[in-house]
Structures are given as C-alpha cells and as structure tokens.
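Shown next, in structure tokens, is the structure this report addresses.
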Amino acid sequence: MTTTVLNPTSSGNETGSSPTQKRVLLLKPRGFCAGVVRAIDIVKIALETFGAPIYVRREIVHNRYVVSELAEKGAIFVHEIEEVPDGQRVIYSAHGVSPAVREASKARHLKVIDATCPLVTKVHIEAVKFAKQGYSLVLIGHRDHDEIEGTLGEAPQVTQVVSNVAEVEALQVPDPDRVAYLTQTTLSLDEARDIIHALKVKFPNIAGPHSQDICYATENRQVAVRNVAHSAELVLVVGSTNSSNSNRLVEVSRNLGTVGYLIDNSQAINPEWLKGINTVAVTAGASAPEILVEGVVNYLRQNGFSGVEEVEVMPENVRFGLPPEIVQAIGGAGDSEPIPVQ
C-alpha cells in the first residue's frame, strides 16, 4: 500500500495512479477519534479492574461492532439509569448525560464512571454559562441524538433545538438581543454553517461559543472526503446507521456529486455498486474500528481493486486523559497519562 499526502486545498488528483487501474483511496484521518478511544478504554479498564458486570447507559459509542465486543466482555448496556440495580457501577456514554440522569444515579446510589467526551463536556459548560447569563439558547443538532438530549438537559427552560434552516424562522425568544447558539459536535460543517448564518440574520446580536463546537475529528474526516470526492466515483463510509458523524460523511460526498453509501462492514457492500467503477474512496466514522475498514479493503481487493493508496489529508494526534474514577481505581499517577489514538 502506498501513502499519498494531500494538501487540504488539493483537488485530490495527485495520487499518480493510472486512471484505468481499479484502485482504493483509503482516507486518513479515519475511524476512531480520541474521545471514542477514551470511552472504549474506560469500559475495558473498568471490566478488568472491577470485574463484570459493568453497566453502561446507552451505547458507549455509536457502533454495533464495538458494543457487541464490549458486551461479550461483560458490559451490560441499558437505555435508562432505572434499569441499573441500586448500588451498581455504571458508565455514562461518550455522548454525555443530562443533570437529570446524574440525579437519578445519585438516588440509586450508583458508582458512576463518566466517559463523556471532553469536547461534549465543553458544550455542556457553555450551555450552563449562557443560561446563567440570561441568554435564550438555540441548540443546533438532531433532536433524537443522545448528545443533544444531554446538552438540552442542562438548561431545558431556555433552550430550543433547531435541525435545519427552515426551523430558524419559527424561533421565538423573550429578548432577540439576548440569544446564543451552540452546536452538536458531530454536525456537517456545511449544515451548521447555513443554520448559523440564518440565526445571525434573524438575531444580529446572537452570541456563539468561543471556539466552534463541531469536534476536530468530525471536521477532519469531512475535509478528507471533500478533498478526494472528485477523484473517486464511489465513497464508502464505514459506520453504523445511528452514528451522526458517519452519516454526515455520506452527505458530504453526495453533496459534491459523488455516490456515497454508509456500510456497517464489508458484508453490506452491494456488488452492483462496483459495476463500472474504477476508483473507490474508503473512510470510517469516528466510532468505527479499523478492523472493519480492513475488511472492506480486503473485499475490494478480492473484487479487482488491487491498487490501495492511503491518502493523508492532515495529521491527527489528539489524545485525552482518563477520568479520575478510573485513575484512582487502577492506582498510580502514571495511569493518568493521555491515551494515544491508535
């Protein structure tokens, strides 16, 4: 496999392969982000340290393979805190929880380990700050997503959720000069930009986060797809259907005019998609493990796509530390070192 490094402003036509050779453009960065690595490691370390069962509220990350693998190791996934027996140990998923969930955990005397992604925690802190300062909050995101549910719970009385530009026009607030917006961390950059623009037109004095809420991994994977979409006739995104950032990668490809599909694994590939195709770009959402990507690449190799080039659009070396509950349990300050992203 050869590696090609693209400048983020490149058209993607620098790979140097013959246009008639069936090839795979394997995008980098792809797959696990630092928050996902951290969350999965938290569950694994908790199981090794405390033993099974360990309860996990909702899917620790939105990927079926990962959840099944952890369930086999002894993790018990529940939808709500009320399903966890009193006094047991529970892990909050990477998507975060509302204050109501935290209170319910206290009422059941649960031993909590918080695997919320630090970048999601940032949005929660911003929501509390704006609410305390008397702002009406507009939360940009998808209503049914676990992350939005948690953030909305920080200040539900003053927060409204909008999912598209059309919904902005219907917003009503007590003071149009005292409005702030926040976003889900896994949105499409284009989608968020359009909604934020509409909000600024409707509320010229609207406030926003100090730095954008869309996380680095979501942005980097979208930029990578954008930079190779015109060099490929098909984009395959490895990720589960309930993964927001994975779905956004498919949207980026399709919005650029390149056919894109979201697939859980190689078994989900329809052979008809490959007919008449010479170049396939492959990427993975931030919660999809590399083993599934390898399976897709092997499938494509077996179907005539012999040239595989890893196309790196930008380096990605972010890492997050473990939460104090885990550090204290396994003992020693050395265990608090950040976890490198694989």
Any residue in the range 130-143 that is surrounded by fewer than 22 Cβ atoms within 10 Å (Cβ to Cβ), within 25 Å of ARG38 (Cβ to Cβ) and touching a Gly at 6+ places or on another chain (Cβ under 7 Å)?
no
Taking the range 51-74 and keeping only residues that are surrounded by fewer than 16 Cβ atoms within 10 Å (Cβ to Cβ) and at negative phi, one is left with ALA52, PRO53, SER68, ALA71, GLU72, LYS73
Within the bounds of the range 138-145, is there any residue that is assigned by TED's automatic domain parsing to the domain that holds GLN184, closer than 17 Å to GLN160 by Cβ and of a type in the set (D, E, K, R)?
yes
Hey, could you check the range 117-140 for residues that are in contact (Cβ under 8 Å) with a residue 60 or more places away in the chain and touching a Ser or Thr at 6+ places or on another chain (Cβ under 8 Å) and say which is farthest from ALA46 (Cα to Cα)?
VAL138
Just need a number here: residues in the range 38-90 that are without any contact (Cβ under 8 Å) to a residue 60 or more places away in the chain and of a type in the set (A, V, I, L, M).
15
Among ASP177, ASP144, which is the only one that is under 15 Å from the mean Cα position of the chain (by Cα), in a loop (DSSP other than H, G, I, E, B) and farther than 17 Å from VAL56 by Cβ?
ASP144
In the range 18-50, what count of residues is obtained for those that are in a loop (DSSP other than H, G, I, E, B) and either buried (at least 23 other Cβ atoms within 10 Å of the Cβ) or hydroxyl-bearing (Ser, Thr, Tyr) (or both)?
7
Those residues that are surrounded by fewer than 20 Cβ atoms within 10 Å (Cβ to Cβ) and either touching a Lys or Arg at 6+ places or on another chain (Cβ under 7 Å) or more than 19 Å from ARG57 (Cα to Cα) (or both), I need them from the range 112-125; list them, please.
LYS122, ILE125
Kindly state which helices (runs of 4 or more DSSP H) lie completely within the range 224-342 and contain at least 2 residues that are closer than 21 Å to ILE45 by Cα.
290-302, 324-330
What's the total number of residues in the range 183-201 that are under 22 Å from LYS129 (Cβ atoms) and either acidic (Asp, Glu) or surrounded by fewer than 18 Cβ atoms within 10 Å (Cβ to Cβ) (or both)?
1
Can you tell me which residue among VAL112, VAL161, VAL138 is under 14 Å from GLN184 (Cβ atoms), of a type in the set (A, V, I, L, M) and either touching an Asp or Glu at 6+ places or on another chain (Cβ under 9 Å) or assigned to a helix (DSSP H, G or I) (or both)?
VAL161
Those residues that are assigned to a helix (DSSP H, G or I), in contact with a strand residue (DSSP E or B) (Cβ under 6 Å, 6 or more places away or on another chain) and more than 26 Å from HIS62 (Cα to Cα), I need them from the range 180-211; list them, please.
LEU199
Here is a check on your reading of the model: is ALA155 in contact with a helix residue (DSSP H, G or I) (Cβ under 6 Å, 6 or more places away or on another chain) and not assigned by TED's automatic domain parsing to the domain that holds ASP194?
no
Out of all the residues in the range 215-228, is one or more surrounded by fewer than 17 Cβ atoms within 10 Å (Cβ to Cβ), more than 15 Å from the chain's Cα centre (by Cα) and of a type outside the set (Val, Ile, Thr)?
no
Residue satisfying condition, being among the β-branched types (Val, Ile, Thr), farther than 22 Å from PRO204 by Cβ and assigned by TED's automatic domain parsing to the domain that holds VAL56, within set VAL112, VAL128, VAL123
VAL112
Can ARG248 be described as crowded, with 24+ Cβ neighbours inside 10 Å, of a type in the set (Lys, Arg) and closer than 21 Å to CYS33 by Cα?
yes
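Residue by residue, here is whether (1) within 22 Å of the chain's Cα centre (by Cα); (2) modelled with pLDDT of 95 or more holds:
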site: VAL259; (1), (2): yes, yes
site: ASN265; (1), (2): yes, yes
site: THR279; (1), (2): no, yes
site: VAL282; (1), (2): yes, yes
site: TYR299; (1), (2): no, yes
site: VAL311; (1), (2): yes, yes
site: PRO315; (1), (2): yes, yes
site: ILE326; (1), (2): no, no
site: GLN342; (1), (2): yes, no
Among the residues in the range 106-126, are any in contact with a strand residue (DSSP E or B) (Cβ under 9 Å, 6 or more places away or on another chain), under 15 Å from GLU154 (Cβ atoms) and among the basic types (Lys, Arg)?
no
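The values are calculated or read from the model by the stated rules, or taken from the named source; none is laboratory data. Worth saying up front: this structure is predicted, and the values here are computed from it rather than measured. Please note: Cβ atoms are built from the backbone with ideal geometry, for glycine as well, and neighbour counts cover all protein chains shown.
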